[in-house]
Amino acid sequence: MTDAADKTTHFGFETVAEEEKAGRVQGVFSSVASRYDVMNDVMSVGIHRIWKDAMMDWLAPRPGQRLLDVAGGTGDIAFRFLRRAKAGHATVLDLTEPMLVEGRQRADAEHMAENLDWVVGDAMALPFSDNTFDVYTISFGIRNVTRPQDALAEAYRVLKPGGRLMVLEFSQLPNEGMQKLYDLYSFNVIPRMGQLIARDRDSYQYLVESIRKFPDQETFLGVVRAAGFGNVKYRNLTMGVACLHSGWKL
């Protein structure tokens with residue numbers, strides 16, 4: 001029998017014990033929390049905003065819905081959801097408290113305070129009852145979870161029957177030449193930006209490596225389906241640089 005301590009996973013290109021990954025991910029995001037939003041804009045030339053708006057377009061939030069945004073950090077998805085829904089509630093959960101602190105300090109958080117909760121928690125062991133939320137989102141966070149399949153199982157558990165899962169994550173370009181060009185940019189430019197802007201090259205080196213370790217669109221679609229979700233689909237964004245995966249608790 002394999003002892004839990006013998007189980008390994010990846011932290012970027014490094015192989016680590018499963019029990020170590022969460023702490024190391026916390027270290028990454030604690031380090032970059034104060035500059036995280038600025039780096040997102042610089043790294044993607046602002047395109048991450050278009051991707052998140054596309055997520056909302058497909059999600060089509062409705063008044064009165066309850067959202068759980070996991071790895072929700074500084075609140076980008078929750079704020080968008082509440083603006084679209086007009087009337088609803090969003091719970092932002094993140095493993096890293098400094099990210100939530102940054103989110104609470106944003107102007108949007110003040111305007112929407114009555115409709116927002118901020119919770120420190122683990123995607124693989126959500127502190128919520130079964131059948132609680134109408135919508136579960138995770139944006140650029142699933143690849144940082146030690147066992148993504150466990151996070152998806154938890155998503156299924158806390159969603160109400162008829163609830164919607166949506167995952168926004170970096171993915172793989174379908175063309176090998178384009179993928180190579182994207183990798184050149186990612187590995188040569190983004191860590192340098194991290195050093196200049198966030199004063200942390202290593203964290204952004206990890207983030208780039210974690211993107212390359214994440215499964216392609218079809219493979220991850222199978223993981224979503226295996227968690228029990230039905231009517232699972234995906235949509236590529238910017239030719240597959242990012243991808244939206246959608247599923248329903250039927």
Quiz item: Just checking, how many residues over segment 201-240 are outside any strand (DSSP E or B), of a type in the set (Val, Ile, Thr) and under 16 Å from GLN149 (Cα atoms)?
Solution: 3
Practice problem: Return yes when TYR136 is of a type outside the set (Gly, Ala, Ser), farther than 20 Å from LYS21 by Cα and under 15 Å from the mean Cα position of the chain (by Cα) and no when it is not. | Solution: yes
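Is it the case that segment 158-172 has a residue that's without any contact (Cβ under 8 Å) to a residue 60 or more places away in the chain and of a type outside the set (Phe, Trp, Tyr)?
no
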Practice problem: Output the residues belonging to segment 163-198 that are more than 19 Å from ASN40 (Cβ to Cβ), among the charged types (D, E, K, R) and exposed (fewer than 14 other Cβ atoms within 10 Å of the Cβ). | Solution: GLU176, LYS180
Quiz item: Going by the structure shown, is ALA109 touching a Leu at 6+ places or on another chain (Cβ under 7 Å) and farther than 18 Å from VAL223 by Cα?
Solution: yes
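Just for helices (runs of 4 or more DSSP H) wholly inside segment 2-100: which have at least 1 residues that are over 27 Å from LEU237 (Cα atoms) and out of contact with any helix residue (DSSP H, G or I) (no Cβ under 9 Å at 6 or more places or on another chain)? So that I can check it myself, show each step before the final result.
Numbers: elements: 18-32, 36-44, 47-59, 76-85.
The qualifying helices (runs of 4 or more DSSP H) are 18-32.
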Self-check item: Count of segment 42-80 residues which are closer than 30 Å to THR8 by Cβ, touching a strand residue (DSSP E or B) at 6+ places or on another chain (Cβ under 9 Å) and surrounded by fewer than 22 Cβ atoms within 10 Å (Cβ to Cβ)
Solution: 0
Quiz item: Restricting to segment 134-152, what's the tally of residues that are surrounded by fewer than 24 Cβ atoms within 10 Å (Cβ to Cβ) and among the aromatic types (Phe, Trp, Tyr)?
Solution: 1
Practice problem: Kindly indicate whether any position in segment 128-148 is in contact with an Asp or Glu (Cβ under 9 Å, 6 or more places away or on another chain) and more than 27 Å from LEU250 (Cβ to Cβ). | Solution: yes
Quiz item: Quick one: would you say GLY194 is in contact with an Asp or Glu (Cβ under 9 Å, 6 or more places away or on another chain), part of a helix (DSSP H, G or I), more than 17 Å from ASN144 (Cα to Cα) and not hydroxyl-bearing (Ser, Thr, Tyr)?
Solution: yes
Quiz prompt | Single match in MET112, MET39 (criterion: surrounded by 14 or more Cβ atoms within 10 Å (Cβ to Cβ), closer than 21 Å to GLU169 by Cα and not polar (S, T, N, Q)) | solution = MET39
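Each value in this text was obtained by applying a stated rule to the coordinates, not by laboratory testing. The model shown is predicted, which means the values in this text are computed figures rather than measured ones. Here the Cβ is made from the backbone with ideal geometry for all residues, glycine too, and neighbour counts use every protein chain on show.
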